[in-house]
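Laboratory data are not the source of any read-out in this text; all were calculated from the coordinates shown. Please read these numbers as outputs of a predicted model, since none were measured by experiment. Don't worry about glycine lacking a Cβ; one is built from the backbone with ideal geometry, like all the others, and counts go over all protein chains shown.
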Amino acid sequence: MKASKSPVSNYFSVLIDLLRDRHSFMAEIGKNERVNRKIIALLFSSSIFFAVYGLIIGASSSWMQAISSAVKLPILYLMTMMICLPTLYFFNILFGSRKNFTQHLGVVIAAVASISVLLFSFAPVSLFFLISAPNQYSFFLLLNVAILGLTGFVGVKFLYDGMQLMSEQEDETFEGKKNRTKLLKSWLFLYAFVGSQLGWTLRPFFGAPEQPFQLFRNLEGNFYQGVLNAILNVLNLN
């Protein structure tokens, strides 16, 4: 008699199913099959992966920053999703979609989970440069911003494909699908902008080595200005 899997193993098995065959996974969400189970499992597993990556990038400053970043990084991605999801759902409904809110949430959280897995796969790279170049804060920051940007781009592409698949399952006019595709493209820009600005609001995630630990910093400047300053520091132009 086989021993039953633990709840944690079941959660990660859902994530493995997503990675192995995302087309079938998204198709099941489109058919409203076990969507709630998928959402809970992906929320659990992605939060762990985000926390691990946050722990590494925060360790560039102090152990307190590491713990803070391990908590704040999952919050960043989940809050971005919560802020932007209602806009996607209601506009899709307005343009003819018959999918419910839970199905929309399932597709978005699947995309977020894919980002978390990619970040987790980059964690050894980030840890290597943290150990081998401990005094190169600006370089370490830019490296991880690039990793976050790359994984975010892949996640957005994942989300776009998932929403298109759900749209194809619906029996409707070509015009309705075309309008929702335009809406989705605009929404993805909104999602990226909200995510970057929210990340700036919740900073620090890295923690400048010359500054004491701060849970949050004053709201000054913006994300893009911060990245530009880091580039200038690396090039010794600032």
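Look at TRP200, TRP63 and count the other Cβ atoms within 10 Å of each Cβ; fewest to most, that gives TRP63, TRP200. With each label modelled as a point 7 angstrom along the Cα→C-beta vector, the THR102-ALA146 pair spans 4.3 nm. Look at the dipole of the chain built from charges on Cβ: of LEU130, VAL8, ILE115, the Cα furthest out on the positive end belongs to VAL8.
Please report the orientation-averaged projected area of the chain, defined via the convex hull of its C-alpha atoms, in nm². Quarter of the Cα hull surface area: 15.2 nm². Principal-axis analysis of the Cα atoms of the chain puts helix 174-202 at an angle of about 20° to the longest axis. All distinct Cα pairs of the range 78-145 go into the 1/r average, and the inverse of that average, the Kirkwood radius, is 14.6 Å. Using θ = phi - 60° in the Karplus curve 6.51 cos²θ - 1.76 cosθ + 1.60, the 3J(HN,Hα) couplings for the range 143-156 round to 4, 6, 5, 5, 5, 4, x, 5, 5, x, 4, 5, x, 5 Hz; x is entered for Gly and Pro. When the chain is treated as a GNM with alpha-carbon contacts under 10 Å, the residue of MET64, MET163, MET26 showing the greatest mean-square fluctuation is MET64. Here's the picture: a label point sits 7 Å out from the Cα of THR201 along the beta-carbon direction, and within the range 82-106 the residues with their amide nitrogen under 17 Å of it are 82-88.
For the range 89-105, the Karplus equation 6.51 cos²θ - 1.76 cosθ + 1.60, evaluated at θ = phi - 60°, returns couplings of 5, 5, 6, 5, 4, 4, 9, x, 5, 10, 6, 7, 5, 4, 5, 4, 4 Hz by residue, with Gly and Pro reported as x.
Size descriptors for the range 16-107 (Cα atoms only): Rg and Dmax, in that order, 16.1, 51 Å. Site pair ILE40 and ILE83 shows an inter-label distance of 2.9 nm when each label is modelled 7 Å from Cα along Cα→Cβ. Modelled spin labels at SER121 and GLN214, positioned 7 Å past Cα toward Cβ, are 3.5 nm from each other.
Seen from ASN144, the other residues with C-beta closer than 15 Å to its C-beta sum to a net charge of +2, counting Lys and Arg as +1 and Asp and Glu as -1. Counting Lys and Arg as +1 and Asp and Glu as -1 over every other residue whose Cβ lies under 11 Å from the Cβ of ALA27, the net charge comes to -2.
For a Förster distance of 41 Å, can you work out the FRET efficiency between the beta-carbons of GLN225 and PHE90, rounded to the nearest 0.05? Efficiency, rounded to the nearest 0.05: 0.80. Each residue of the range 38-51 was assigned a 3J(HN,Hα) from its phi angle through the Karplus curve 6.51 cos²θ - 1.76 cosθ + 1.60 (θ = phi - 60°); the sequence is 4, 4, 4, 5, 6, 4, 5, 5, 5, 4, 5, 5, 4, 5 Hz, with glycine and proline shown as x.
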